[in-house]
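What follows is one structure encoded as structure tokens, with my remarks underneath.
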Amino acid sequence: MIRNIVGSVLALVGATAAVWSPFRAWYDGRHGRDYAIDELFTGITDAKADVLGSILAPFLFAALLTVLGVVLRSRILVALAGLVVLGFTILWMVRVGQAEGSLTVGAGGGLGDGVANALGGGVLLLLGALVMSGRTRTHRVDGEPRPTRPTLDGPPPDDSTHGPDRHPQASAPYAATQTFDVPTWDPDRENPPPPKQ
């Protein structure tokens, strides 16, 4: 349970960082929300994109996958969200590198903190998926009766055992006890028990 909580927190922080990243500078001060999604496949241009048609869209999809993965405790959904974030960020880096000739990192320009947020968010999503233990499944052998009420002596007995041949106190765990009078040896009796060897 602790692993699921820690993994869920990591995944939610990663999804938040990924969704926040398009509102930060990605390259030369240009925000990620200004890059249209179709530019990732056709080539980067100077045109400004709509917010929902920008790179924000796949990150919102990844955040939705993350929330579903956390609610359902699905490591696969959380890992898929991380791959979506990392995949679109790396594809963007490839396209910008092709358009600019090379990628630079620096205080005056180049890659901005939005890219770092996206990459960090994707890594946190993958770490969250690794940390999560996922759902625990219990396997039941087919044909084994499932208990309908808790008892001290295991599952309830089969209906086939009820009948006139069955002893009335066989399955009752708290049946009344019977006492028997057992004679004790009296030394004054004429037939003492044989001595033990």
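The values are calculated or read from the model by the stated rules, or taken from the named source; none is laboratory data. Quick caveat, the model's predicted, so the values are computed rather than measured. Note that we place each Cβ from the backbone using ideal geometry, even for glycine, and neighbour counts take in every protein chain shown. Keep in mind that these areas ignore ligands, DNA and RNA; they rest on the heavy atoms of the full protein, side chains included. Shrake-Rupley method; radii C 1.70, N 1.55, O 1.52, S 1.80 Å.
Can you tell me the dipole magnitude for region 1-92 around its Cα centre, using point charges on the Cβ only (Lys, Arg +1; Asp, Glu -1), in Debye to the nearest 20?
Dipole size: approximately 520 debye.
Run the 1.4 Å probe and let me know the accessible area of Ile90, rounded to the nearest 10 Å².
Roughly 90 Å² of Ile90 is accessible to a 1.4 Å probe.
At 1.4 Å probe size, put Asp181, Asp50, Asp28 in order of accessible surface, largest to smallest. Write out the running numbers ahead of the final one.
Details: Asp181 155, Asp50 120, Asp28 90 Å².
Final ranking, largest accessible area leading: Asp181, Asp50, Asp28.
Quick one: if the Förster radius is 35 Å, what FRET efficiency do Ile90 and Val6 give, using the C-beta to C-beta distance and rounding to 0.05?
Details: r = 27 Å, r/R0 = 0.76.
Efficiency at R0 = 35 Å is approximately 0.85.
Would you be so kind as to identify which of Gly97, Val67, Gly112 lies farthest towards the positive end of the dipole of region 27-132, taking Lys and Arg as +1 and Asp and Glu as -1 on Cβ and the Cα centre as origin?
In region 27-132, that residue is Val67.
Give me, ordered by chain and number, the residues 5 or more places off Thr104 or on other chains with an amide H under 5 Å from its own placed amide H.
Leu111
Full extension from Asp50 to Thr184: what is 0.36 nm times the residue separation minus their Cα-Cα distance, to one decimal in nm? Intermediate values should be presented prior to the final figure.
Values: separation 134, 0.36 × 134 = 48.24 nm, distance 10.04 nm.
38.2 nm is the gain from fully extending Asp50 to Thr184.
Around Leu119, under 15 Å between beta carbons, what's the net of Lys plus Arg minus Asp minus Glu among the other residues? Working shown, then result.
Numbers: positive: Arg24; negative: Asp113.
Here the count lands on 0.
If amide hydrogens are placed 1.01 Å from N in the peptide plane, which non-local residues have theirs closer than 5 Å to the one on Arg30?
none
Leaving out ligands, DNA and RNA but keeping every protein chain, what accessible area does Trp20 have, in Å² rounded to the nearest 10, with a 1.4 Å probe?
Accessible area of Trp20: about 140 Å².
Which one of Val85, Ser8, His31 is farthest out on the positive end of the charge dipole of region 1-122, using unit charges on Cβ (Lys, Arg +1; Asp, Glu -1) and the Cα centre as origin?
Of the listed residues, the answer is Ser8.
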